[in-house]
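All remarks here apply to the structure that follows.
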Amino acid sequence: MSRVLRWLHIYISMTVLVVFVFFALTGITLNHPDWQLQAGKQSDSRQLQLPAALTGLEFSADQLQQAEQAKQIADWLRAEHQIQGAVFAFSYDPDEQLLELDFKQPAGFANAQIALDSGVVELTAEFGGYLALLNDLHKGRYAGTAWKWLIDVVAIACLVFALSGFYLLWRQPARRWLGVQCALTGAGVMLLVYLAALH
C-alpha cells in the first residue's frame, strides 16, 4: 500500500506540476484585481456583408431550425473572420428581421447583429488582455467543457497528492505528530482568518 501511494504521490504531483503552478499563480492575481495590466487589450468594430448563400435567409418559427440557421452564420464568422467563443447564444427578432449572435470566451466576447433582409453584419469584438485571460481560465469562465474537465482532474490529482502525502507521513512514527501538528495549525490559521474576515 505504501509503495503504491508513494508512486502516486510522486508521479501524480509531477503530472500536474505545471498546471498546479498555473493555478497557484493565477490564484494570487485573482486575489489582487488592482494588478490588472492593460497589455494585450483589444477592441474591434466593423461592418461585414453576409455571403450570397446566407443573405435573405428565411428564419423558421421552429426553435431547433432557428438554432441550426444561426449556427450556419456563426460557422461562417468563425471560418472567415476568426471569431472565437466556447459559449455561443443567439436571439432572433422576427419583426425586425434581426439576428443577434453572442460569442463568449475567456477575457473576451464578440457580438454580431445581423439584418437578415440586407445581410449587413455589425460585428463588435473585445479582448480584455492576457492577465484577464489567465484569470478567466483559472475560474473556467467561458472556457468550454474540456477546460472544466481539466480543472476537475487537476483538483482530484491535488486531493490524491495531499491525502497520499498525509498517509505516508502517518506511517513514519518519528515524524507523525509534528506532521499532524502542522496540519492542525494550518486548519486553525484558516479558521481564525475566516472568523477575522467576518468582522
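The values are calculated or read from the model by the stated rules, or taken from the named source; none is laboratory data. Predicted, not measured: the structure shown is a model, and the values here were computed from it. Every residue, glycine as well, gets a Cβ built from its backbone with ideal geometry; the counts of neighbours run over all protein chains shown. Side chains included, ligands, DNA and RNA excluded: accessible areas come from the protein's heavy atoms. Shrake-Rupley method; radii C 1.70, N 1.55, O 1.52, S 1.80 Å.
Under 4 °C and 1.567 mPa s, how fast does segment 39-101 diffuse according to Stokes-Einstein, given a Kirkwood radius computed over C-alpha pairs? Answer in µm²/s, whole number.
Stokes-Einstein gives a translational diffusion coefficient of 98 µm²/s.
For segment 47-175, give the magnitude of the charge dipole about the Cα centre (Cβ charges: +1 Lys/Arg, -1 Asp/Glu; no others), in debye to the nearest 20.
Working: 8 positive and 15 negative charges, 297 e Å.
Its charge dipole is roughly 1420 debye.
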Practice task
Taking a cut-off of 22 Å between Cα atoms, list the lysines near K139, but don't count ones fewer than 8 places away on the same chain.
Solution key: K41, K104, K148
Completion exercise
Carbon and sulfur atoms account, in whole percent of the 1.4 Å probe accessible area of the chain, for 64 percent
Practice task
Could you give the size of the charge dipole of segment 99-192 about its Cα centre, using +1 on the Cβ of each K and R and -1 on the Cβ of each D and E, expressed in debye and rounded to the nearest 20?
Solution key: 1040 debye
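Assuming 0.36 nm per residue, please report the length gained on full extension of the stretch S2 to T29 beyond their Cα-Cα distance.
Working it through step by step, the gained length comes to 6.0 nm.
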Completion exercise
Note to self: Kirkwood Rh of the chain, Cα pairs, one decimal, Å, is 21.1 Å
Exercise for the section: Would you list the membrane-span-like helices of the chain, meaning whole DSSP H runs whose alpha-carbon atoms span at least 20 Å along their axis and whose mean Kyte-Doolittle value is at least -0.5? Expected result: 17-31, 144-170, 173-197
Practice task
Give, in nm to one decimal, the length gained when the segment between W177 and A197 is fully stretched (0.36 nm per residue of separation minus the Cα-Cα distance).
Solution key: 4.2 nm
Exercise for the section: Name the residue farthest towards the positive end of the dipole of the chain from the options W35, I151, T15, assuming +1 on Cβ of Lys and Arg, -1 on Cβ of Asp and Glu, about the Cα centre. Expected result: T15
Fill in the blank from the handout: With Cα springs under 10 Å, the Gaussian network model of the chain assigns the largest mean-square fluctuation among Q49, Q105, Q84 to Q49
Completion exercise
Of the residues Q97, T55, W76, the Cα lying farthest along the dipole of segment 43-116 towards its positive end, which is defined by charges on the beta carbon of Lys, Arg, Asp and Glu, belongs to W76
Practice task
Could you calculate the contour length gain from Y167 to Q65, that is, 0.36 nm times the residue separation minus the distance between their Cα atoms, to one decimal place in nm?
Solution key: 31.1 nm
Fill in the blank from the handout: Cα pairs beyond 13 Å in segment 132-199, in percent, come to 75 percent
Practice task
Note down the relative contact order for segment 91-199 as a percent, whole number, built from C-alpha pairs under 8 angstrom at least six residues apart.
Solution key: 14 percent
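Helix-derived [θ] at 222 nm for the chain: sum -39500 (n - 2.57) over DSSP H runs of at least 4, divide by residue count, nearest 500? Provide the component values of the computation, followed by the final result.
Working: 6 runs with 110 residues, N = 199.
My calculation for the chain gives -19000 deg cm²/dmol from helical runs alone.
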Problem - Rel. contact order, % - alpha carbon contacts under 8 angstrom, at least six apart, the chain - result: 26 percent
